[in-house]
Amino acid sequence: MRYSKLFGKTIKEVPTGAEAESHKLLVKAGFIDQLMAGVFSFLPLGWRVHRKIEAIIREEMNNIGAHEVFLPTLQKKEQWLETERWNTMEPPLFKFKDRHGRELALGPTHEEVITDLARRFIQSYRDLPLALYQIQNKFRNEMRATGGLLRVKEFVMKDLYSFHETEDDLVNYFEKIKDAYHKIFKCCRLAAIPSMASGGAIGGTTTYEFQVPSPAGEDKILFCKDCRFAVTKGVEEIAAGQVCPQCKKANLEEISAIEIGHIFNLGTEYSEKMGATFTDAKGKQKPIWMGCYGIGLGRLMAAIVEVHHDDKGIIWPKAVAPYQIHLLAINIENPKVVKKTKDLYEGLQEKRIEVLYDDRVDVSAGEKLAVADLIGIPTRLVVSEESLKERGVEVKERNKKEAKIVSLKEFLK
């Protein structure tokens with residue numbers, strides 16, 4: 001991609017009211033644009049990152065045998081009345097009437113819809129276990145959307161729902177999900193802490209939030225550095241300074257954190273309310289055991305930026321970076337520099353290496369270098385008169401201070 005043709009350039013102004021570093025940097029670097037409070041457009045750079053995150057999540061969901069579906073955003077009032085959440089959901093549902101006066105809601109989550117599918121398609125214990133997931137828009141009627149992508153009204157979420165014959169099978173699958181989540185977050189270079197939490201509006205007997213320590217986090221967790229026990233503040237009668245209830249060694253510390261995932265052991269709460277049953281091996285009707293597991297993709301993207309940035313801009317992990325190479329030329333008045341840069345650009349494309357080429361001729365070398373630091377692509381290549389004298393190109397990793405000149409032949413290998 002030539003930077004001159006890229007839609008959504010960097011800007012110098014910090015968004016009004018922006019406090020979180022991820023909010024400031026993602027807007028300034030041209031990844032997102034704010035339409036209104038809590039509602040964002042993903043520009044080409046931002047959408048490339050979003051799609052990389054989506055691919056990481058999809059791979060792990062498929063690896064654990066889950067089937068991908070796509071469920072409706074519009075949801076029926078009748079199903080929400082079955083679970084008694086039509087008037088109790090927090091934040092409240094986005095509700096409206098269609099042209100026939102029928103009341104509908106925009107889906108903030110899909111327990112009702114998926115349980116309805118389960119009660120119609122799952123008949124026997126032979127149909128279990130089953131896991132269905134989707135990656136789809138969600139709508140939350142937040143009182144105060146804040147922190148850029150950290151708390152929004154519209155976002156894309158991966159929500160997985162599992163169905164089981166027994167509680168033991170659900171508990172075993174719960175552990176499999178924990179492992180899958182750790183792989184996802186590790187790939188995004190985030191050290192997530194599973195924290196015991198409240199089920200909130202979703203419910204469930206056992207729930208865990210996956211928390212990333214960050215000053216930008218809205219949540220407070222009590223954390224043990226010795227054994228990594230964690231609990232979200234207020235869930236149990238535990239306070240900072242108390243001895244860890246798990247290892248009995250260290251005192252618990254209170255830290256701010258960003259929730260990037262949440263998993264719920266729902267038991268039979270939804271299946272009992274909505275009549276989702278199966279016939280066991282003895283011919284007896286039993287309620288289906290259920291779990292649900294969510295990851296907000298935009299919030300995960302923001303959390304990556306909160307953890308991986310410096311005073312110059314974003315530092316993207318390679319797995320989610322919009323491009324792998326940021327190529328630019330300085331001394332562009334020299335035709336040899338321009339030709340060598342274009343040749344390198346074409347060579348990288350032939351090798352199917354993702355490259356953003358800053359081909360602008362009306363900006364200074366300093367501005368090009370500043371833009372590269374702000375955008376945060378993992379590897380920067382600079383072609384200059386100096387590099388050509390050494391028959392090479394200057395290579396600098398975004399997360400390192402030093403640059404070095406490498407021969408073009410060696411680099412292309």
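Could you work out the helix-only [θ] at 222 nm for the chain, with each DSSP H run of four or more residues adding -39,500 (n - 2.57) and the total divided by the number of residues, to the nearest 500 deg cm²/dmol?
Result for the chain, helices only: -9000 deg cm²/dmol.
Would you tally the net charge around GLU167, using a Cβ to Cβ cut-off of less than 13 Å, leaving GLU167 out, and scoring K and R as +1, D and E as -1?
Counting the neighbours of GLU167, the net charge comes to -3.
Scan around ARG2 for amide H atoms under 5 Å from its own, H built in the peptide plane at 1.01 Å from N, and keep only partners 5 or more places away or cross-chain.
Those lying under 5 Å, H to H, from ARG2 are TYR357.
Ordered by packing density, taken as the mean number of other Cβ atoms within 10 Å over each peptide's residues, highest first, how do 337-350, 305-318 rank?
305-318, 337-350
Sequence gap at least 6, Cα distance under 8 Å: using those rules, report the relative contact order of the stretch 325-412 to the nearest whole percent.
Computed over the stretch 325-412, the figure is 31 percent.
Take each of the peptides 364-375, 15-26, average the number of other beta-carbon atoms within 10 Å over its residues, and list them starting from the highest.
15-26, 364-375
Under 4.7 Å Cβ to Cβ, no partner at all: give me those cysteines from the chain, in residue order.
If one checks each Cβ against the other cysteines of the chain, CYS187, CYS188, CYS292 turn up with nothing under 4.7 Å.
In what sequence, highest mean first, do 243-255, 133-145 appear when ranked by Cβ atoms within 10 angstrom?
Ranking, from highest mean packing down: 133-145, 243-255.
Give the cross-link partners of LYS282 among the lysines, using a straight C-alpha distance below 27 Å as the criterion and excluding same-chain residues fewer than 8 apart.
LYS273
Please report the base-10 log of the normalised intensity I(q)/I(0) for the stretch 64-216, using a Debye sum with one equal scatterer per alpha carbon and no solvent, at each q in 0.12, 0.13, 0.14 (1/Å).
-0.62, -0.73, -0.85
Give me the percent relative contact order of the stretch 3-310, please, defined on Cα pairs under 8 angstrom at least 6 residues apart.
19
Between GLU354 and PHE121, what length in nm is gained on full extension when 0.36 nm per residue of separation is reduced by their alpha carbon distance? Before the final figure, lay out each step's value.
On the way: separation 233, 0.36 × 233 = 83.88 nm, distance 4.32 nm.
Net length gain for the segment: 79.6 nm.
Which of these, ALA240, ALA329, ALA131, has the largest mean-square fluctuation under a Gaussian network model of the chain (Cα springs below 10 Å)?
So, out of ALA240, ALA329, ALA131, the one fluctuating most is ALA240.
How far apart, in nm, are the 7 Å Cα→Cβ label points at GLN136 and ASP362?
My value for the distance between the label points is 4.6 nm.
Taking N as the number of residues in the stretch 3-310, what is its Cα Rg relative to 2.2 N^0.38 Å? Working shown, then result.
Details: Rg = 20.3 Å, N = 308, 2.2 N^0.38 = 19.4 Å.
Rounded to two decimals, the normalised Rg is 1.05.
Add +1 for every Lys or Arg and -1 for every Asp or Glu among the other residues with Cβ under 11 Å from the Cβ of ASN63, and state the total.
Taking every other residue near ASN63 into account, the sum is 0.
Counting only other residues whose beta carbon sits under 11 Å from that of ARG398, what net charge do I get with K and R as +1, D and E as -1?
+3
Okay, which of the stretch 38-59 sit inside 15 Å, backbone N to the point 7 Å along the Cα-Cβ direction of GLU218?
Residues 38-40 qualify, since their backbone N sits under 15 Å from the label point.
Checking the table LYS24/LYS413; LYS5/LYS158; LYS389/LYS413; LYS225/LYS396; LYS178/LYS318; LYS186/LYS409 against a 27 Å threshold on Cα-Cα, which pairs fail?
Correct reply: LYS24/LYS413; LYS5/LYS158; LYS225/LYS396; LYS186/LYS409.
Only the coordinates and a few stated rules stand behind these numbers; no lab work does. In this text, all values refer to a predicted model and were calculated from it rather than measured experimentally. Please note: Cβ atoms are built from the backbone with ideal geometry, for glycine as well, and neighbour counts cover all protein chains shown.
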